[in-house]
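Heads up, the thing below is written out as structure tokens.
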Amino acid sequence: MTVAVLGAGAFGTALAITLAQNGPVTLWARDAAKVAEIARTRLNERRLPGCPLPENVAVTADLTEATRAPVILLAVPMQQTAAFLTEHAALLDGRVLVGCSKGIDLASGRGPVALISDICPAAHAAILTGPSFAADIARGLPTALTLACDEDGGALQARLSTPSLRLYRTSDKTGAELGGALKNVIAIAAGVVIGAGLGDSARAALMTRGFAEMVRIATHLGARAETLAGLSGFGDLVLTCTSVQSRNFRFGHALGAGEDFDPTTTVEGVATARAVVDLAQRTGIDMPVATMVTALAAKKMTVAEATHALLSRPLKEE
Ligand SMILES: NC(=O)C1=CN([C@@H]2O[C@H](COP(=O)(O)OP(=O)(O)OC[C@H]3O[C@@H](n4cnc5c(N)ncnc54)[C@H](O)[C@@H]3O)[C@@H](O)[C@H]2O)C=CC1
Ligand SMILES: O=C(CO)COP(=O)(O)O
């Protein structure tokens, strides 16, 4: 069964490489020149250097050709996803569409799987998410992810699992997409803490209280608490708050250290923090860490002010 991966960034390319172990894969990118270069060199040197594409990965800029595959993975960044789905709805609606991005769309407050269902209502929407750096997946290092899909998703789970990539299945799509989105916001905060020299104890406190915040809003929005405690929530929170491989963590680290950061790097947590604060205001849910991340990223607050604001909140039960 052919799988198509739409979006040839680091993650889309890594997924194409690992999924080629199970059968043919089509990797689609919008830029024909980039497609030609990847096809010639068998490398996506800009996004995933040093990870060659197997022979059975076909690279194309032809979306009609790519979307003939029975399973389609969507790996374009979150804030581009709504426009992408809308533009190509005629090709995508009714298909098996697996969202692979992590975030909340700023304009609509929706995550990837909710956007798929809104814009392509006849699609079989799923989401693949959890702790995994693209380079680790591409190199065949052991990885476990959550596949949130319809109840009959066993065949999809099998097609998307490889000898090194183990998928656990859930029907809680809301929980899976919110866990992946929210952990990026907390990862930025963890980066700030380390970049500003506030220490490992502060990071542990922030991860734990950040996790409480994740569970609070996600369950309010219909997620199951146990999904947040799984790979797509807690698992990914641990990974991205503790590794310099994470772009969200590195972005926060630069903020905390007062250093510049390459603005072309994909940092999903920045827009998502703003989307989360909007959601928090609409639902009346308390989201202090996300609020601080939004203020820090917009340079409306210093690290010292944010730290003071968090530490001086009224004392309460855990
Ligand atoms: N890199 C990683 O380790 C992981 C990334 N993800 C998620 O995957 C998503 C994509 O991230 P990466 O691949 O890492 O980003 P990236 O920065 O490596 O690549 C993004 C790619 O998307 C393409 N793109 C942007 N807008 C597009 C559009 N409108 N149509 C088609 N293509 C478009 C860009 O040309 C670029 O190739 C993000 O939501 C990220 O959170 C999830 C797990 C791991
Ligand atoms: O989601 C990821 C790991 O699970 C990748 O994290 P970054 O987007 O922060 O690099």
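The values are calculated or read from the model by the stated rules, or taken from the named source; none is laboratory data. Fair warning: this is a prediction, and the values are worked out from it, not measured in the lab. Ideal geometry is used to build each Cβ from the backbone, glycine not excepted, and the neighbour counts take in all protein chains shown. Ligands, DNA and RNA are excluded from the accessible area calculation, which covers all protein heavy atoms including side chains. Shrake-Rupley method; radii C 1.70, N 1.55, O 1.52, S 1.80 Å.
Given the criterion within 16 Å of ligand 1 (Cβ to nearest atom), basic (Lys, Arg) and surrounded by fewer than 24 Cβ atoms within 10 Å (Cβ to Cβ), identify the matching residue among Arg247, Arg282.
Checking each option against the conditions leaves just Arg247.
Give Ala212, Ala190 a once-over and let me know the one that is buried (at least 23 other Cβ atoms within 10 Å of the Cβ) and within 20 Å of the chain's Cα centre (by Cα).
After ruling out the rest, the residue left standing is Ala190.
Looking at Ala82, Ala123, Ala58, can you tell me which residue is touching a strand residue (DSSP E or B) at 6+ places or on another chain (Cβ under 6 Å), under 30 Å from Arg282 (Cα atoms), surrounded by fewer than 24 Cβ atoms within 10 Å (Cβ to Cβ) and assigned by TED's automatic domain parsing to the domain that holds Leu165?
Just one listed residue meets the conditions, Ala123.
Any idea which residue in segment 227-252 is nearest to Gly12 (Cα to Cα), counting only those that are away from ligand 2 (no atom under 11 Å from the Cβ) and not polar (S, T, N, Q)?
My answer is Gly233.
Within the group Arg95, Arg47, Arg110, which residue is open to solvent by 10 Å² or more (accessible area, probe 1.4 Å) and within 13 Å of ligand 1 (Cβ to nearest atom)?
Going through Arg95, Arg47, Arg110 in turn, the sole match is Arg47.
List the helices (runs of 4 or more DSSP H) inside segment 239-318, counting only whole elements, that have at least 3 residues being within 18 Å of Gly180 (Cβ to Cβ).
Correct list: 247-257, 268-283, 288-297.
Would it be correct to say that Gly154 is open to solvent by 10 Å² or more (accessible area, probe 1.4 Å), away from ligand 2 (no atom under 16 Å from the Cβ) and touching a helix residue (DSSP H, G or I) at 6+ places or on another chain (Cβ under 9 Å)?
no
Which residue, of Asp200, Asp262, Asp236, is more than 15 Å from ligand 1 (Cβ to nearest atom) and of a type in the set (D, E, K, R)?
On inspection, the qualifying residue turns out to be Asp200.
Against the condition within 16 Å of the chain's Cα centre (by Cα), more than 16 Å from ligand 1 (Cβ to nearest atom) and crowded, with 21+ Cβ neighbours inside 10 Å, how does Gly175 come out, does it pass?
yes
Right, Thr219: more than 16 Å from ligand 1 (Cβ to nearest atom) and crowded, with 17+ Cβ neighbours inside 10 Å or not?
Answer is yes for this residue.
What residue, among those in segment 137-149 that are closer than 25 Å to Ala218 by Cα and open to solvent by less than 20 Å² (accessible area, probe 1.4 Å), is farthest from ligand 2 (Cβ to nearest atom)?
Cys149
Looking at segment 1-30 only, could you name the residues that are within 14 Å of ligand 1 (Cβ to nearest atom), assigned to a loop (DSSP other than H, G, I, E, B) and of a type in the set (Gly, Ala, Ser)?
Gly7, Ala8, Gly9, Ala29
This table checks each residue for (1) part of a helix (DSSP H, G or I); (2) under 26 Å from Thr86 (Cβ atoms); (3) more than 13 Å from ligand 2 (Cβ to nearest atom).
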| position | (1), (2), (3) |
| --- | --- |
| Ala122 | no, yes, yes |
| Ala135 | yes, no, no |
| Ser161 | no, no, yes |
| Leu178 | yes, yes, yes |
| Ile186 | yes, no, no |
| Ile194 | yes, no, yes |
| Met214 | yes, no, yes |
